[in-house]
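> So that we are looking at the same thing, I have put the structure below in structure tokens.
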Amino acid sequence: MSGLVDRALGLWGMDGADHRLFAARENEVHQVRHAGATYALRVHRAGYRTDAELQSELEMMDAARRAGLHVPAPVVSASGALIHVVDGLQIDVLHWLEGTTIGKTGTPLSVPDTAALFTAIGREMARFHDAMDDWTPPARFTRCAWDHAGLLGDTPVWGRFWDNPTLDSADRALFQQLRMVAGRDLDARAPGLDYGLIHADLVRENVMVHGAQIQIIDFDDAGFGYRLFELATTLLKNMAEPDYARLKSALIDGYRAVRPMDTGALDLFLVLRAATYVGWIVERLDEDGAMMRNDRFIATTRALAEEYLSAKH
């Protein structure tokens, strides 16, 4: 991979730049130092996104940056392109953001004032949604949609959670019932819900703090969706916190300080967000630690589904 990175850096006029593998999740991220500046070179997972989708992601990030949000800025190559394909892999380069992520999923939060942090995250989330509503994407813009079809249709964005092969008969029946009831409820509520471009993955690893700044990274799953889905994504990964109720209120209050938010359907989007992970893990069940995560995703979705469905009776 080092040779591939070296060749890619040449396309950005950074021949001989120092680099190291920084993270390997859906994509590989290499930290690059060149001419006194630091960059993130991303090697994208083969087949995960089309060139058009990646171009749109980068344009979306640049629009957020121009609106005053603290997000990574795309870097054009020597030929003026945002994306190049090297050895069959898509590569782009971003300016590096200094700062630290707010935590790791599954590990208790360790920050001085969690309520203040979540208030700030809520504000930045709302500012991002404002920026996206104020921006007119180019005609070629194409990203996924976290709508009814993307969450509950025959081919959801992250897969058919009700068909996860590890489900036992009870969970399979529960998740099929959830799909039916949640689909009906989503259709009924959809006309009154705020819908537009969202980040779709504002979990702890994708929110950074640098001084007083809240920074948003990793737009890999960004697309069209309900703004409550955005809120639910952040809340879902913090439900185990002992002061979750306080964090939830802080996040919502921070959002509402900038932009209106009707949370009447929040429970629906919490269970829908949980279910997406049960579908997402299916293609990754052979990865290290996947079965443990799979069991956790199923257990979380089971608990939320039982609670949601029981409230319907």
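The values are calculated or read from the model by the stated rules, or taken from the named source; none is laboratory data. Since we're looking at a predicted model, the values are computed, not measured. All Cβ positions, even for glycine, are placed from backbone atoms using ideal geometry, and neighbour counts span all protein chains on display.
> Quick check on Arg65: is it among the charged types (D, E, K, R) and modelled with pLDDT of 95 or more?
On the way: among the charged types (D, E, K, R): yes; modelled with pLDDT of 95 or more: yes.
Against the criterion (among the charged types (D, E, K, R) and modelled with pLDDT of 95 or more), Arg65 qualifies.
> Could you please give the count of residues in the range 1-33 that are under 13 Å from Leu94 (Cβ atoms) and in contact with an Asp or Glu (Cβ under 8 Å, 6 or more places away or on another chain)?
Residues meeting the conditions: 2.
> Which of the following residues is within 22 Å of Glu283 (Cα to Cα), out of contact with any Gly (no Cβ under 9 Å at 6 or more places or on another chain) and surrounded by fewer than 20 Cβ atoms within 10 Å (Cβ to Cβ): Thr136, Thr166? So that I can check it myself, show each step before the final result.
Working: Thr136 fails: within 22 Å of Glu283 (Cα to Cα).
Just a single option satisfies the conditions, and that option is Thr166.
> Scan the range 154-163 and tell me whether some residue there is in a helix (DSSP H, G or I) and in contact with a Pro (Cβ under 7 Å, 6 or more places away or on another chain). Explain how you work it out, then say what you get.
Initial filter on the range 154-163 (in a helix (DSSP H, G or I)): 161-163.
Still in the running and in contact with a Pro (Cβ under 7 Å, 6 or more places away or on another chain): none.
Looking through the range 154-163, none of the residues is in a helix (DSSP H, G or I) and in contact with a Pro (Cβ under 7 Å, 6 or more places away or on another chain).
> Output the residues belonging to the range 76-123 that are in contact with a Gly (Cβ under 8 Å, 6 or more places away or on another chain) and in a helix (DSSP H, G or I).
Correct list: Phe118, Thr119, Ala120, Ile121, Gly122, Arg123.
> While we're here: Are any of the residues in the range 67-90 exposed (fewer than 15 other Cβ atoms within 10 Å of the Cβ) and either basic (Lys, Arg) or in the same structural domain as Pro137 (by TED's automatic domain parsing) (or both)?
no
> Here is a follow-up. Which members of the range 236-261 meet the condition of being at pLDDT 95 or above and of a type in the set (Gly, Ala, Ser)?
Ala245, Ser249, Ala250, Gly254, Ala257
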